[in-house]
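Notes follow the structure.
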Amino acid sequence: MKALGILGSGKGTNCRAILERIHSGTLRATASIVISDVPDAPILEIAREFAVPNSYLAPGKFRTRLEPEVELELARTLQDLGVELVVLAGFMRVLKSPMLDAFPRRIINIHPSLLPKFPGLEAWKQALATGEKVTGCTVHYVDEKIDHGTIIAQRQVPILPNDTAESLHDRIQLAEHDLYPSTIAELCRD
């Protein structure tokens, strides 16, 4: 079974979906640790609920990335725990060379659009604003650019005529909660 390290900054709904699949036995992996750059992020409480080791990582002075020394410490921690696949679950920091070099093609992310369309924040609002008929979610390898790396899997979500940003986002998250654990399961079989 592959050892996962899960990084997140927020509510942790994708983390919960992954941990539920591990707990049920349908995802043959172990969650070695959940780490958040937000001290009171709900994702840490979810980790505790599933008895997964968890910790807060003080990010430093930058708003969108980690301090280089902090990122190096993160990479070492994950390596020391034997993490084989790093799973970003709402982690709102751009990873740089310390992590990318330590885990080449072993860091994945899920994004709420059909990349390459609508990278960045609030992609569902971008899809609505441009009149798209279909959006969805994408699991991809992480590289040095934001929401850019090689696409692993995608799931389409139709945009309904009466959709609001909230209703569309809710349906995209439902798709994410199935696609992400399923994709991780496939990667764990390789």
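The values are calculated or read from the model by the stated rules, or taken from the named source; none is laboratory data. Quick caveat, the model's predicted, so the values are computed rather than measured. Note that we place each Cβ from the backbone using ideal geometry, even for glycine, and neighbour counts take in every protein chain shown. Please note that ligands, DNA and RNA were not included when accessible areas were found on the heavy atoms of the full protein model with its side chains. Shrake-Rupley method; radii C 1.70, N 1.55, O 1.52, S 1.80 Å.
Limited to the stretch 1-27, what total is found for residues that are at negative phi, out of contact with any strand residue (DSSP E or B) (no Cβ under 8 Å at 6 or more places or on another chain) and either part of a loop (DSSP other than H, G, I, E, B) or surrounded by fewer than 16 Cβ atoms within 10 Å (Cβ to Cβ) (or both)?
The number of residues fulfilling the criteria is 7.
Pairs please, first residue from the stretch 1-14 and modelled with pLDDT of 95 or more, second anywhere and surrounded by fewer than 24 Cβ atoms within 10 Å (Cβ to Cβ) and among the acidic types (D, E), Cβ atoms under 6 Å, 6+ apart in sequence or on different chains.
Within 6 Å, the pairs are K2/E84; A3/E84; S9/D37.
One line per residue, one yes/no per condition, for (1) under 25 Å from T30 (Cα atoms); (2) hydrophobic (A, V, I, L, M, F, W, C); (3) modelled with pLDDT of 95 or more:
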| position | (1), (2), (3) |
| --- | --- |
| S55 | yes, no, yes |
| K61 | no, no, no |
| T64 | no, no, no |
| E67 | no, no, no |
| E71 | yes, no, yes |
| Q79 | yes, no, yes |
| E84 | yes, no, yes |
| A89 | yes, yes, yes |
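Inside the stretch 49-96, can you point out the residues that are assigned to a loop (DSSP other than H, G, I, E, B), touching a residue at least 60 places away in the same chain (Cβ under 8 Å) and either open to solvent by 70 Å² or more (accessible area, probe 1.4 Å) or not aromatic (F, W, Y) (or both)?
Listed by number, the residues that qualify are L81, G82, V83, E84, A89, G90, M92, R93.
For the stretch 135-172, name all the residues that are part of a loop (DSSP other than H, G, I, E, B), surrounded by 14 or more Cβ atoms within 10 Å (Cβ to Cβ) and among the charged types (D, E, K, R).
D143, D147, D163, listed by residue number.
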